[in-house]
Every structure is written in C-alpha cells, then in structure tokens.
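Take a look at the structure below.
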Amino acid sequence: MSEQIAFWILSAIAVLGALVAVRKRNLIHGVFALMIFFAALSGLFLLLLAEFIAAVQILVYIGAVGILLLFAIMLTERVAGDDGRRMTSRGWFWGLVVAAAVFVVLLLPAIQQWPTPEVTQAPDPSVEELGHKLMNPYVMTLEVLALLLTAALIGAVTAAQGMRKPKEEGSPE
Amino acid sequence: MSHTVNHESILGKFPGTNWDQEAGALIVPTVQAKEIATWLRDNDAFLLDYCSNVTGVDYLECEVKEKVTKEDGTVETVTRTEPSRMDVVYHLYSMQKQTGPLVFKQRTNREQPEVESLTPVWRSCELQEREVFDLFGVNFKSHPDQRRILMWDEFEGHPMRKDYTEPFDYEWEPTPHDEILEKHQRGKVIV
Amino acid sequence: MSSATAIAPNYELIQQDGLETSLLEVSMGPHHPSTHGVFRMDVKLDGETVVDLQPVFGYLHRNHEKLAENMSYLGSMPFTDRLDYFNSMTNNWAYALAAEKLVEIEVPERADYLRVIMAELTRLVNHVSLVGFFINDLGALGTPLLYAFREREKILDLFEQASGARMMCNYFRFGGLRNDVPEGWLDRARDVVDHFPVFLDEYEQLLCENEIILSRTQGVGCLSRDLAISAGITGPMLRASGVNYDIRKVDKYSIYDRFQFRVPYTDGNVGDCYDRFMVRMLEMRESIRILKQALDGIGDGPVLGNAPKVFKPKPAEVYGRVEAPKGELGFYLIADGTPKPYRYRVRPPSLINLTVLRDMCLGQKVADAVIILGSIDIVLGEVDR
Amino acid sequence: MSLELIRDILVATVPLLLIFPTLFAFTTWLERKALARIQNRIGPNKVGVPLTRYGGRFSLFGLGQPMADGIKMLFKENIVPRDADRLFHLLAPILALIPAMLVLCFLPIDFPWINNIQDSVKAFMLDGAVIFFFAITGLNTLAVFMAGWASRNKYSLLGGMRAIAQMVSYEIPLVLSAVIVVMMVGSLNAAEIANAQAGWNWFIFTPWGLAAFIIFFIAALAETNRSPFDLPEAESEIIAGYFTEYSGFKFALFFLGEYIAMFAISGLAVTLFLGGGAGPGVAALPWLSVIWFLVKIFALIAVMIWLRGTLPRLRVDQLMGFAWKFLLPLSILNIFIAGSALHLLAGGRLAGLDEKQPILRQLMEGANPLVVAGLWIGALLILYVAANGLNQLSRAKVRPREYKYAE
C-alpha cells in the first residue's frame, strides 16, 4: 500500500517535472525542472529496490548531465529566455505523431501479452549482484566501454587545447 | 640636493625657447614642445626620462607694479598690465643620471588653451594631463584618452581656474516635480 | 623606449575559434571590499580573464588644491594629513620642505632628527599595514593584517604621545615641529624600534616562503623597468621594477646624508607583485637601521626655528619632494607675495602609480587584478585629493 | 504503511535534525573563538546566559553568541534584488540545506536508539550507501549555482560559475580516494566499512589509506568551499560570491547548510579512514562510539578552522590545475598502489578469502611484518616521488629573484 502511494506521488512529480521542462522557455528553469524529473525517477528506482541504479541516476543525470546542461547554457548569450511565447511550435503536429508512435512502440510488448502477462523472475538488482555481473560475464564490455570513455576524454582535452591560441607573453605591444 | 640641469644648451639648440629666470623654468612654444621633450628624453646630455609632476597654472590678467630705476637714479613705480595666460608645467628628472629638476612650461592663452600632449613621450603625463584638462580646461592635442578624471562627466566648468565661481548648487539635478523646479529656479530650494 | 611609453593597446578579445563568449562587464567598486577605498575599476571579463580595465577616480575628490589656494600657507598643513591618511607625517614633511624652500628657514638639528624618526616610523606603519592588506587581498582572512595592526598600534601610540593624534598628526611646522616630544618618548620609541625586527622575522618566516603566496604573486602584474620609469612610478614599486632611485639618496634632503642605510631594489627581471611585496619587507629593515641611528644621534635643542609669524614669501616657484612610503610626494608652490599660495599643487604618488594599473592587469585573472591593485598601494585620499 | 515504520523513520531522522543544527551553533562559536585566538583577538565574549544581566553576568566565554546570532538572523529584513528570480532565490538556500541534511543519514553513528529500529530504515545499511553519499553531496553544487544565477548579480554569477567548476573537479579525487577504502573492505556499505576498522584497524594506518585520507581531506575542503579553496565566496575578489544578495534567514540557511555539509563530509572521512566510532573503551561501553565519532568529526573541523585562519586563497586556474594535474593523477596512482599491495599481500590467496569479511583484515592477519614495513616504505616513497614530480611539472616557471642593495 505504502509503495503504491509513493509510486503515484513520484510518478506525478516525474510527469509534472517533464512537462515543465518541456514547456518552460526559460532555459535555466527548464533544466531545473528536468532535474526534478530525474530525481523522481531515481525515487522510482529506489522503489524497485534498485538502489545502485537510483544512486547512479542522481550521480550521472543530475550531477553530471544536469551540470553539463547548465554549463552549456551559461556559455550562451542569453541565459534567460522570455517566458511569454506560446507553447506550440510550427512542427507540433508531426511532433505529436512521433510521440504517439513512440508510446505505442513502448507499449507493444504489454499489448502483445494482453490479457495474460508472462511473469518472469525479476533479476536481483543489488549492488553486489551487479558487481559480480560486471566483473564476470561482462568484464570485456566494461573494459571496452572504459577504454572508449578514456579515449573520448583525451579527445575532448586535445580538442579544447587546440582551440586555445598561443598565449602572448610579455608586455602588450 | 641633486644636480640641476644645465639649460644653456637647450636655449642654443631651440631658438624658440626662453628661460624664465624668476621661476627658473624653460618656456617652450607649444608647437615645438613634443620635439623638445623627445630630445630632452633621448639626448645623452640630459636623459630626462622621468616626468615627475604635471600641472597647470592659471594667470588672470593683472596689473603689476614694478619699480623702475631711471637714468637719473630716481626710482619710479610703473604699473603695467600683465596679460592673462595659462601655463602647463612639467617637472623633469633623470633617473639614470639622477639629476633634475628641469621645469618645462608650455604657455598658452587662457581663452582657448591648447597645448601639445606629452603623454607619448612620458607615460606619467597620462593621468596628470587628464587632471589638468579636467580642472583647468586645457586641451591636450593628441592625448590618447582625454576625459574628465576627478569631476564627473556632466560637470560644467573647470574648478581650478582662478575665475571659477561655484554654481548655486552644483549637484542639482532636475526633478520631475514642477513645484520644486520652480522654487529652485527662484533660488528658494536647494534640492 | 617608445613602445614602453605608448598607451596599452585596446586588448583584443582572446577569441577562440568558433566559440564566442560574451564579455562580462563588472564594475568593481566603489563599495568593493578590496579596492582600498572609494575606487572603481570598470572591468571587462572574458570568463575570469581581464580583457579591459578602466580605473575611475574622483569619488573622494574635494579639490584640496583649491582649498589650499584660498587659505594661508600654514592653514593647509592640517589638510595635508588627509591626503594619505596613513602617512600624515611624511605629507606634512613634504609640504614643510616646499614651504621652507620658499622662505629660507633653518631647521634646528633636533627637529631634523625628529622629522627623520617620524618619517621612518611612518614608513614602518605604511609598509607593515600594506603588507597586511595585501595578504588580506590574497584571501587570508585578516590574520596577517591583524598581526600587522598590532605592531602599527605601538607606533601610533608613539605618534599620539608626540602630537596628540594617532593618524592626523599635524605635527610639522615651517622651520621645525609644533612641539618637542614628551619626556621619555625617545626611550619608548627605542623600545618599539628594538622589538620591531623580532616581529619582522616572524612575519617574514610566515609569509615570504608560503607556497600559496609564492604561486599567487610570482609572475603576476609584471612591470618592466622601462615602463616603470616612463610612467613615473616611484617608491617601492619603482625599485621592485629594478630602478635604484630613492629620493632620500638622490636629493639627500634634510639630514639623510648622515645615516648609513641601503636602498633595496631588484635586478629588474620581473617586477611582479612578489617583488613589490619583498622590497617593502626589505625596506622596513633599512628604516629600522635609520631609526636606530637617529635615536642614537639625536641631541638636545629647540625644535622650532626662527619661522616668521606671518608667512608671506616673495614671488617664487618651488618644487619640494620627499620619499614618502608610497613614492615621490611633491608639493609645487607658486608664491605671489601674498599670505596665500597662488598655486598649490600636490604630486600624488598613489595616483601616478595607478597609471600602469591597466597595463599590468590585462590578460590576468580577476583575482590577480585585486592583488595587483593591492600591491600598488594606494590611498584614495591622495588619489582623488 | 505501518505505524511502526513511521515511528522508526521518525526515530532515525528527528534526532539528526536536532543534534546537528545544535552542533552547528556550537561550531560557529568555536570557529569565531578559534579564529579570534589565531588573530590575537578575544572573540565573542559578551553574550552568555540570558536574563542574568543584573546581579552578575554569566558570559560563559560568549557561548550564548550563536543563539543571539540566530535571533538576529530571524529578525533581519529579507532583501531580494528587484531583478532576481524570486522563486529560485527562495529555493536555493533550501536546496542547499536538504542534501546536506540528507547525507547525515548515511553516517554510521551508533546512536543508542538506532539499535531498536528496523534495518530497512537505516540508510547507512544500504548496500550503496557510499555512492549515495557522493550522489547527494553533489546536489549542493546545484544550490550554489541556483543562488548565483537567481541573484542577478555579476559577482554572484561569477561565484556560482566558480562553484560549479570547483565542485565538479574536486568530486573526482574525492570519489577516487574513497574507492581505495571500498577496495580494502570489499563493500560499499557504510556500516560494514566502519565495522571493518574496529579496534585500531583504521585505514589511515595503512600507507595508501594515509595518502588517500590526505587527498580526501583536501578535496573535502574544496567541496565545502573552505579556505584555501573558498573561491566561490572569495571576499576580496567577488564580495561574497553567491551569498552576496542573501540576507536574513535565507543567509542563515545557507550558513547552516554549509556547516552541515562540513559535518557530513567530515563524518564520511571519519567513516572511511578514521575508524568510524572505533576508539578506546568502545568494547566496554558501546555508547562511547557516538562520542568518539563526534570527537573525530570535531577534530577534522578544527583543522578546517585552523587552515581558514592561516592560509591565503588559491587562484581559480591554480585551483583547477591542482585538482586535475596533481590530485587526480596522485589518487589514480594510489589506487594502483593499493591494488598491487593487496595482490602482493594476498599472494594468490585472493580466491580463498571469505567474502563476508573485510579483505584487508584477512590479509593483514597473516602478513609478515617485514613485508608490511616494506609496503609502507615503498608506497610512501612512490607517492612522494610522484607528488614531487607532479609539483615540478605543474609549477609555473618563475625567474629567480635577486635583491640588490644600493648604498
């Protein structure tokens, strides 16, 4: 029962946060609404006892992606957009169609199994289990991913360094 | 005391210059000022690389009483009128030779005072010439950044001039209230 | 030479290819905690880098020169206290020196000794508190400043005992001093002077090798020798840029030729904030040397010479200057035969030292701009007059 | 939801909400007093026991000062700049406080009442408690940015930008030095980490643990914006950074949040490296562990105060350089050292270890003292050489000074 209540509250927050994030013209407000959405999502993961994923959700999505978005906005000219413009843009119709299509695709497995859903054993989402899985069957994947990310990091550093002009030393002449 | 600078050779090289014995200053024509200043700075005999002090002096037209000794030995007081003028005074020193000062004056009229800026010769003139412009209203030709420095930009007049009179209330700004505006014009209210 | 005298070019934006960032214009001051008074810098920032800086003056302008031209010569002596309110003694001295040139007045020997003692004590006060403020600008939360102020208090006590005021001393007169120092003052002064090196040792030990201070100040705000000379920089700042020029040595005014002291200066390679800081630290040691000699050499006698009751000099022009703690403080007086000066001009070292502020700050970080300003050592009473 | 659960939640959280703000008040007094003594001053000494004004005042070294400050803060005018984003301006101090308070739950402090509640309520029993701790601490960045942005003040904005850059950078060495402890225990569970250090088996007494603790503490200073890393609120440069436009109780909330964050990060340092509640006499009197835990937290906070009174501030580029060019390589190297040392100690026994027990203790029990000594010397030597090298590399090239004297 208590899980039910928590689920509905968190879902409501998540949906509201997502809506506000899309609606707000003020970019900073939008980003913060998005973060609320992420936080609610993290709560939902906790509800599913996937605590590691919940922590990672906060760490990565709020702590990294959100901050990255803020950084990007800070670098742009106009930090605060005007709030007054109308919500719909010209492509609203096609947007709606795409959204509906995605929704249907997501629902497809559930529709196929209707009305008797197949009950499968849920995987154990504990940290320990995850650790073992990452270290035993998926160690290769993990290493490749790590390598890829390191390469991306080094690439980013090199790209950023290339942009900087050679510094002018000494007296300005 | 440090060694004073020998001014005779300057007078010889630049015929337009004068030596004011009473003030102990070199009077330089405005047109030649920059040339002479550069020469004074770079010439090995002077090396006046350091311009310490820049200021203006405002002389109003005034009557000067002078005692003149006539041929027969009697002393007579003569009154003559000294014309008004504006001086810009530079005190020059040499850091390399540790000599100085040489007082260097540019003289101009006080109605449309305009002298040559020596900022390109000595960087230290930059702020001080701005100050002379601000307080005396001397226009410095080819000064790179001639703006008011101590008074605010909207200020009218040049307060260090001898004939400057304070306005009734120089910080007054018009307010939208007509009544007060009117009273102020009648001199009743200091807003 | 010509390149050094030229105005710093309008610094072109350090633009990165394809990535344009907008400039942030910040008006630092006049109520900023570390502009040392009501001084303002209009700073343009690209991120944290200063790309343009315009000093704005005049918030404390009260036209000191005009005031002095409308009163008697002695009447503006108290006003000179308010120029550089940290160093009222040297301000007094510069003015007295100029006025004594106008009318030939002999200064009694005891007065000269006391003048030197006061001036060097003032130098200690100024340098020690400047160093404290400077470290405070570096972000040290006031600890060095309060240590410095502890020492400053002792010297201010001496000033109070001699002149009756701690900061606005108004102690000098044309031809000497207002009054002799009270009995036992010299012993107390000797006590303070003897203990000062102990404090300096501690201070040097704590600050001069501190890793953060080194990395924050070295290579920041470099001022080349040529630009320093051309821009008329004086005082410790000039000597930090490698010019051996001390008016106490050059002019040998008063009785400075009787004392053994050295003028610290750098080799002129860097001329950064650290050099300016260190030159001041070293100068304090030399001041103590002078003070010890002066306290030993002082004799008895009057402290006020035969100054005329009504000070009415003949028409003349003089320029008198002293080595104030901040640099060359000069007074340019034109007398016209009346009891008021026809022209009275102060050459403020603080203002002229600010000429190169922009040149030193461009391309540095905003935090550096603050410490560069701190290392210049300005007092707004003198900058704006 | 059962009533029992609600009761347990309240029992677990309410004491935290009472104890730590009280400690905060005491800490502000401690900080002011300590700074004053460092600076040759006396510090607060007037406000003491209220209503004892007449007939002898009990000032108690100014211990009443925090209360007076609190009352003052409550009654001060709340000023919001005209152009400010009012909502965010209001939310920022709250957002600063919430994560700081939240992470207190992850500290394995054995309060006497904690034993009576069910395990599922104890946050530090979570398997990913340490990860959660870092995740939630990171939210503090958002509050700082929010405050800086919402104030519409250029100094605030600069402070906010500095704060983000700084916190994001220093989080990495912070986490990497915590990883070492996780490696040595084999668990992310805060309670297990603390238990693994029972007695004198503190991780600070291992070479890599010592190095990791130092890195952790430096990064923690930066995370909590303490001197010498107090750039986001650098008073001499950007007035007060993101605080500039805050007054009254909002300012007090920020202040509270900052100190609670200090408690939290110190508490984590105690948990990870200083043995949690371990200490003399704990075996006999279990409640002593609470005291030990708080004493250790306060010891760390005293060091922070001491540093604040003595050190000047770094510059922003030096700060970033220090994080990326010095702390990060050093902490990665430290992980390598810890890993190889564990491997060396294990000598092939790694597979045979009991997974439920702390790895390090099992290894250390059978270790040769000579090997241990060798590890100490070797690890510290490697780290020292590396730190020196990194320092030489990242140090700005300066010309040598020479001061001459003219007679």
* Asked: Given H placed 1.01 Å from N in the peptide plane, which residues other than close sequence neighbours of residue D:313 have an amide H under 5 Å from its amide H?
  -> C:139, C:140
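So how much accessible surface do D and A hide from each other in total, probe 1.4 Å, in square angstrom to the nearest 100?
Counting protein atoms only, the buried area is about 2200 Å².
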* **Interface C:D - total buried accessible surface [probe 1.4 Å, Å², rounded to 100]** => 4100 Å²
* Asked: Relative contact order of chain C: what whole-number percent is it, with Cα pairs under 8 angstrom and at least 6 residues apart?
  -> 26 percent
* Cα-projected label distance for residue C:252 with residue A:145, points at 7 Å along beta-carbon direction, nm -> 8.3 nm
* Under the Kirkwood approximation for Rh and a Cα-based Rg, what ratio Rg/Rh is obtained for chain D? -> 1.00
* Counting Lys and Arg as +1 and Asp and Glu as -1, what is the net charge of the other residues whose Cβ lies under 12 Å from the Cβ of residue D:118? -> -1
* Asked: Hey, what number do you get for chain D at 222 nm if only DSSP H runs of n ≥ 4 count, each worth -39500 (n - 2.57), divided across all residues, to the nearest 500?
  -> -21000 deg cm²/dmol
* Structure fact -> Subtracting the Cα-Cα distance of residue D:46 and residue D:361 from 0.36 nm times their residue separation yields 108.2 nm
* What are the ³J(HN,Hα) values, in whole Hz, obtained from phi via the Karplus relation 6.51 cos²θ - 1.76 cosθ + 1.60 with θ = phi - 60°, for each residue of segment D:130-141 in sequence order, with x given for Gly and Pro? -> 5, 5, 4, 4, 5, 4, 7, 4, x, 5, 4, 3
* Return the calculated 222 nm mean residue ellipticity for chain B, to the nearest 500 deg cm²/dmol, obtained by summing -39500 (n - 2.57) across DSSP H runs with n ≥ 4 and dividing by the residue count. => -5500 deg cm²/dmol
* **Calculated Rg and Dmax of the protein assembly as shown using C-alpha coordinates, Å** => 36.3, 142
* Asked: What Kirkwood hydrodynamic radius, in Å, does segment D:238-352 give when the mean of 1/r is taken over all pairs of distinct Cα atoms and then inverted?
  -> 18.2 Å
* **Rounded to 10°, Cα long-axis angle of helix C:143-163 versus longest principal axis of chain C** => 20 degrees
* Structure fact -> The rounded separation in angstrom of the Cα centers of segment B:7-43 and segment C:146-215 is 45 Å
* Counting only other chains, what is the mean number of Cβ atoms within 10 angstrom of the Cβ of each residue in peptide D:304-317? -> 6
* Structure fact -> What helix-only [θ] at 222 nm does chain C give? Using -39500 (n - 2.57) per DSSP H run of at least 4, over all residues, to the nearest 500, the answer is -14000 deg cm²/dmol
* Structure fact -> Note: B:118-131 gets an average of partner chain Cβ contacts (10 Å, Cβ to Cβ) equal to 6
* Can you put B:179, B:129, D:258 in order of accessible area, largest first, using a 1.4 Å probe? -> B:179, D:258, B:129
* Asked: Looking only at other chains, what is the average number of their beta-carbon atoms within 10 angstrom of each beta-carbon in C:335-343?
  -> 2
* Long-range HN-HN contacts of residue B:25 with modeled amide H, under 5 Å -> B:20
* Structure fact -> If every Lys and Arg gets +1 and every Asp and Glu gets -1 at its Cβ, then about the Cα centre chain D yields a dipole, in debye to the nearest 20, of 1340 debye
* Under-5 Å amide H pairs with residue C:176, H placed in peptide plane, nonlocal only -> C:305
* Over the alpha-carbon set of chain C, divide Rg by the Kirkwood Rh and report the Rg/Rh ratio to two decimals. => 0.98
* To do: Rank-order A:92-99, D:304-311, C:226-233, C:161-168 by packing density, defined as the average count of other C-beta atoms within 10 Å over each peptide's residues, highest first.
  => C:226-233, D:304-311, C:161-168, A:92-99
* Which of the peptides B:64-76, B:30-42, D:88-100, D:266-278 is most tightly packed, and how do the rest follow, going by the mean number of other Cβ atoms within 10 Å of each residue? -> D:266-278, D:88-100, B:30-42, B:64-76
* Structure fact -> A correct Karplus calculation of ³J(HN,Hα) over segment B:24-35, with 6.51 cos²θ - 1.76 cosθ + 1.60, θ = phi - 60°, whole Hz and x for Gly and Pro, returns x, 9, 8, 9, 10, x, 4, 5, 8, 3, 5, 4
* Please arrange C:106, C:323 by accessible surface area, largest first, computed with a 1.4 Å probe and ligands excluded. => C:106, C:323
* Tell me, what HN-Hα J-couplings in whole Hz come from the Karplus equation 6.51 cos²θ - 1.76 cosθ + 1.60 at θ = phi - 60° for each residue of segment C:368-374, using x for Gly and Pro? -> 5, 4, 5, 6, 5, 4, x
* What's the center-to-center distance, using Cα atoms, between segment D:250-286 and segment A:31-49 in Å? -> 28 Å
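Hey, if we sort D:319, C:102 by accessible area with the 1.4 Å probe, largest down, what's the order?
Numbers: D:319 0, C:102 25 Å².
Ranked from most to least accessible, the order is C:102, D:319.
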* For segment B:119-135 and segment C:318-385, compute the distance between their C-alpha centroids and round to whole Å. => 13 Å
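The values are calculated or read from the model by the stated rules, or taken from the named source; none is laboratory data. Since the structure is predicted, the reported quantities are computational estimates derived from the model, not experimental observations. Cβ sites come from the backbone with ideal geometry, for glycine too, and all protein chains shown count toward neighbours. Ligands, DNA and RNA are stripped out before the accessible areas are found, and what is left, the full protein with its side chains, is counted by its heavy atoms. Shrake-Rupley method; radii C 1.70, N 1.55, O 1.52, S 1.80 Å.
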